[in-house]
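Below is one structure, written out as structure tokens, with a few remarks after it.
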Amino acid sequence: MPGCEVTLEQMLKARDERVEEQKNLITAYSLPLISFTVNMPGSKKNTDCSRHIFYEGCSALLNRLKDKGILPVYQETRDLPTGHEAFVIVEMDARALKLLMLEIEESHPLGRLWDFDVIGLEGLSVSREALGYSKRKCLLCDEDAHACARSKAHSLKELLEKIRSMADEYFDKDKKLN
């Protein structure tokens, strides 16, 4: 499974299943949810590199919550061909929780590769922009990441090389991740 290519249909199905699980968890716990994935372009979503990045993100998330004295009410990780996913439920205001997730994304060397969505009780994500943060910037230039992706401003090879470089630099300069 690791390193296998996935189709657009598989990605769309995984996204739909993730949204359904988010709804189920919010209904079951009546608390905000953190839904965590890795921003990994291309058709190979589950690689050694993405796995290391994902578990480092889980560690950063749980450590930040612990530092704030917040214990998860529920947590789950999934290792899927379409990428790794984590769901964490905590007893905290959704907007304050999103601010905490933005702190992680903005301060950690791998934070730009992480996507910590916070979904409130009404089932809607709390956006970066609603809290005064700018849209995500591209890894390779300073433009809006979504605009670069839509226009295909950068090649997949360039993006993956940048991600690998960031991971190699963070984890071990001498040990390259695949």
Two pseudo-spin positions, 7 Å from Cα along C-beta at LYS137 and at SER155, lie apart in nanometres by 2.5 nm
Net charge near ALA96: determine it from the other residues with C-beta under 12 Å of the C-beta of ALA96, scoring Lys and Arg +1 and Asp and Glu -1.
0
For region 85-152, shape from the Cα gyration tensor axes a ≥ b ≥ c, cut at a/c of 1.5 then a/b versus b/c, turns out prolate
Hey, in the GNM for the chain with a 10 angstrom Cα cutoff, which one of LEU139, LEU62, LEU12 fluctuates hardest?
LEU12
Trypsin sites (Lys or Arg not before Pro) lying in DSSP loop within region 5-86, provided at most 14 other Cβ fall within 10 Å
LYS68
Dipole magnitude of the chain about its Cα centre, charges +1 at Lys/Arg Cβ and -1 at Asp/Glu Cβ only, in debye to the nearest 20?
260 debye
Under the helix-only model (-39500 (n - 2.57) for each DSSP H run of 4 or more, divided by the residues of the chain), the mean residue ellipticity at 222 nm, to 500 deg cm²/dmol, is -14500 deg cm²/dmol
Tell me, what is the percent relative contact order of region 1-51, built from C-alpha pairs under 8 Å that lie six or more residues apart?
65 percent
Would you indicate which of (i) 42, 33, 32; (ii) 83, 37, 27; (iii) 98, 57, 24 is the value of Cα extents along the principal axes in Å derived from the coordinates of this structure?
(i)
So with the 1.4 Å probe, I'd like the accessible area per residue for the chain, rounded to whole Å².
56 Å²
Given Cα pairs under 8 Å that are at least 6 residues apart, what percent is the relative contact order of the chain?
25 percent
Per residue convex hull volume, Cα atoms of region 1-69, in Å³:
99 Å³
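The values are calculated or read from the model by the stated rules, or taken from the named source; none is laboratory data. Not measured: the values here are computed from a predicted model. So basically every Cβ, Gly included, is an ideal-geometry build from the backbone, and we count neighbours across all protein chains shown. Heavy atoms of the whole protein, side chains included, go into the accessibility calculation; ligands, DNA and RNA do not. Shrake-Rupley method; radii C 1.70, N 1.55, O 1.52, S 1.80 Å.
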